Amino acid sequence: MAEQFGRRLRRGATSGAIVAAAVAALAASQGPGAIAPPADSLNGDHAVGAGDSTSPAGGMDGGSATGDSPYYTELPPLKPPNVRGMPTAPQVPVVTGPAEAGIPATVLAAYRRAEASVRATDPACNLPWQLLAGIGKVESGQASGGRVDGNGTTLTPILGPALNGVGFADISDTDDGAFDGDTTHDRAVGPMQFIPSTWASWGQDANGDGKKDPNNIYDAAQAAGMYLCAGGRNLAIKADLDRAILSYNRSTEYLTTVLSWFEYYGRGAHTVPDGTGVLPVDRSDRTRPGGTTRPTDPTSPSSPSPGVTPSPDKPSPRPNDTTKPTTPSKPATPSKPATPSKPATPSKPSKPTEPTKPPTTNPETRPPAKPVEVPPTVRVARLKAGPAVLTAVTESTFAEAASVTAVDASGRPVAGVSVRFELPGTTDTRFPAGATTVTVTSDAKGVAKAPALRAGEKAEPFTIRATVPGRSLPPAELKATVEVRKADALARVGDTALTAETGAGYAPVTVEARLGGALAPGVAVTAVVTDSADSQAQSTDGPSFGKDAAGNPIRTKVLKTDAQGRLSIKDLVAGAKAGEYSLLLTSPGNGTVRLKLTVTAPASTEPPVTTPPTTDPGTAPTAGPSPTASGSASASPATSPTPTG
């Protein structure tokens, strides 16, 4: 097989310095725009960057994405394209240039979209769309020359041969024939030729149609980009680039072929209408006398090379039938033209040149020409905004999704248009996985619907912008508003008196919030300690919610109801001054309740004061001892007996 490359590789496609420089240049010129198209965000899966974009454990060591299926071996022309670079928007009519540099519009859109998606979630990988184009060329001839519908799905399945171990890997059926129709062995499937077992781990839904379809170029291109970037590869490094390509097909010839096309597309490419791309011919699993290959599998995407018509004197493809080639006796009939009398008959064979005149025949007899298919991104004339106002309460999911309709100049819907939704920097509302931008594809009705928005803690209006990447169309603007959660009624649970001695803590207090009779979770409730039941002002010496960092009492606090619509106050402490106070609770929506707080003085701890006993006023007091000259006390009674007479 090495002969078929020969001197055509003298441009140095395999040179490490050139290829690495090419990837680095492409990475620098196509920096990671903040485009994060969802993988399956419309279908319940995670957005790119959170779910499908994570690298599965398998598929990076030892195996390959294609099961080492056959591939197309044509090499690009020696002469590079005339047009360098790639226009930022698809061009119609078709840009002039070598046919090999033309990439069908939808296929090219899928490559560029996959690049943007992977760069948004894994910018360190430095994935260029030209690498996807090189692999797509080698695997399927750019989806059989762009034979895809408006949604990017191939018009007919692209299947490789059965991987039965005869010249290929031996892979028994893993999908029960769901993708490849083969319940005995697996086959590579779709424009990027994934085997079912690899697709089961890496499959994507990049076009938002609810399916992970390997036959869809958008799904397959994004899956291929993520597969190439697996394991933390940086494709701007030659060693990582080689490993990534070899993980697709473990063949050095395959590596060389892909790198050749990668470099070729890096020098220039242009858009051609879907279905008009160059069809693949030579394939690695079948050789022909010239040393190149030709596919014979009826499921392969190739078709006979244009301009090659079977000659009547050539036996049809039955090389083992030697009888027909050995009957040159019939050509002996040309001996009749050997008759000198009919020299004119040799001139008649010149008439067979007339079959070359059909292009000049009456146009009415020609088959109808296939109309030029304008890419959806070019056909779209404007985006019509969906719902006028999107509303949600704080920390909840919006009931309606942001959506726009892509329409052409006549107002008809356009399917397959990539639409980017972007949130302003002022809001904390987010798309899934915390994304501020997402890109989705319009469906058959032209509707591009963004994944559900999740409101943050900020209650404010904001505007969502929807644009078409690569086009300068005016953006569609969608108004959105985040409102605070409300409660129209607050009530205490329980009726135990709230009493505490000075400096002591109160028992926990539970309050319930309701809105329209239903429990109201997530409602902000403001609690203020006041001096009386008719005061709105904060107290200066009443109970508090503890102290702040500076040591000052906190007498106003914002609380939030839990998922059951309740809040619990556990840190209320009595002040130093005894008396009656009030706790005022209010919420958005006019919910209000007042609770009475009592602060009592602590019980005294001093011993009781004793008072002297009282005597009868009519009774003479008993005289105490009186001093004597000797200093001794007299013990004589103070009274004399009462006379009887």
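The values are calculated or read from the model by the stated rules, or taken from the named source; none is laboratory data. Treat the numbers as computed from the prediction; the structure is a model and nothing was measured. Positions of Cβ are generated from backbone atoms using ideal geometry, with glycine treated the same way; all protein chains shown enter the neighbour counts.
Per-structure values
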item: Residue under evaluation Gly522, criteria (1) at pLDDT 95 or above; (2) buried (at least 17 other Cβ atoms within 10 Å of the Cβ); (3) not acidic (Asp, Glu), criterion not met; result: (1)
item: Unmet criterion (only one of (1) small (Gly, Ala, Ser); (2) surrounded by fewer than 20 Cβ atoms within 10 Å (Cβ to Cβ); (3) under 17 Å from Gly134 (Cα atoms)) for Gly181; result: (3)
item: Test: Gly145 is in contact with a Phe, Trp or Tyr (Cβ under 8 Å, 6 or more places away or on another chain) and within 28 Å of Gly268 (Cβ to Cβ); result: no
item: All positions within segment 540-553 that are under 18 Å from Ala578 (Cα atoms) and either β-branched (Val, Ile, Thr) or in a loop (DSSP other than H, G, I, E, B) (or both); result: Thr540, Asp541, Gly542, Pro543, Phe545, Gly546
item: Residue tally, condition in contact with a Pro (Cβ under 8 Å, 6 or more places away or on another chain), over 19 Å from Ala459 (Cβ atoms) and aliphatic (A, V, I, L, M), over segment 476-534; result: 2
item: Qualifying position, being farther than 18 Å from Ala401 by Cα and buried (at least 23 other Cβ atoms within 10 Å of the Cβ), among Gly470, Gly416; result: Gly416
item: Hits in segment 424-447 (condition: in contact with a Leu (Cβ under 8 Å, 6 or more places away or on another chain), buried (at least 17 other Cβ atoms within 10 Å of the Cβ) and closer than 24 Å to Val118 by Cβ); result: Phe431, Thr437, Val440
item: Conditions (1) outside the structural domain of Gly579 (by TED's automatic domain parsing); (2) over 15 Å from the mean Cα position of the chain (by Cα); (3) over 13 Å from Val380 (Cα atoms); number of the one not met by Glu422; result: (2)
item: Matching entry among Thr499, Thr439 (being touching a residue at least 24 places away in the same chain (Cβ under 8 Å), of a type in the set (Val, Ile, Thr), assigned to a strand (DSSP E or B) and within 30 Å of Ala603 (Cβ to Cβ)); result: Thr499
item: Residue among Pro543, Pro588 that alone is more than 18 Å from Glu501 (Cβ to Cβ), surrounded by 14 or more Cβ atoms within 10 Å (Cβ to Cβ) and in contact (Cβ under 8 Å) with a residue 40 or more places away in the chain; result: Pro588
item: Matching residues, segment 247-259, being surrounded by fewer than 17 Cβ atoms within 10 Å (Cβ to Cβ) and in contact (Cβ under 8 Å) with a residue 60 or more places away in the chain; result: Arg250, Glu253
item: Count of segment 391-413 residues which are touching a residue at least 24 places away in the same chain (Cβ under 8 Å), farther than 21 Å from Ala520 by Cα and surrounded by 15 or more Cβ atoms within 10 Å (Cβ to Cβ); result: 9
item: Counted residues, segment 383-415 - those being assigned to a loop (DSSP other than H, G, I, E, B) and touching a Ser or Thr at 6+ places or on another chain (Cβ under 6 Å); result: 2
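Rundown of residues vs (1) surrounded by fewer than 16 Cβ atoms within 10 Å (Cβ to Cβ); (2) assigned by TED's automatic domain parsing to the domain that holds Thr586, yes/no style:
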residue	(1), (2)
Phe462	no, no
Ala466	no, no
Val493	yes, yes
Leu498	no, yes
Gly503	yes, yes
Ala507	yes, yes
Thr510	yes, yes
Arg514	no, yes
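Results for (1) assigned to a helix (DSSP H, G or I); (2) assigned by TED's automatic domain parsing to the domain that holds Pro77; (3) on the phi < 0 side of the Ramachandran plot, shown as yes or no for each residue.
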site	(1), (2), (3)
Arg119	yes, yes, yes
Leu127	no, yes, yes
Leu132	yes, yes, yes
Glu139	yes, yes, yes
Gln142	yes, yes, no
Asn151	no, yes, yes
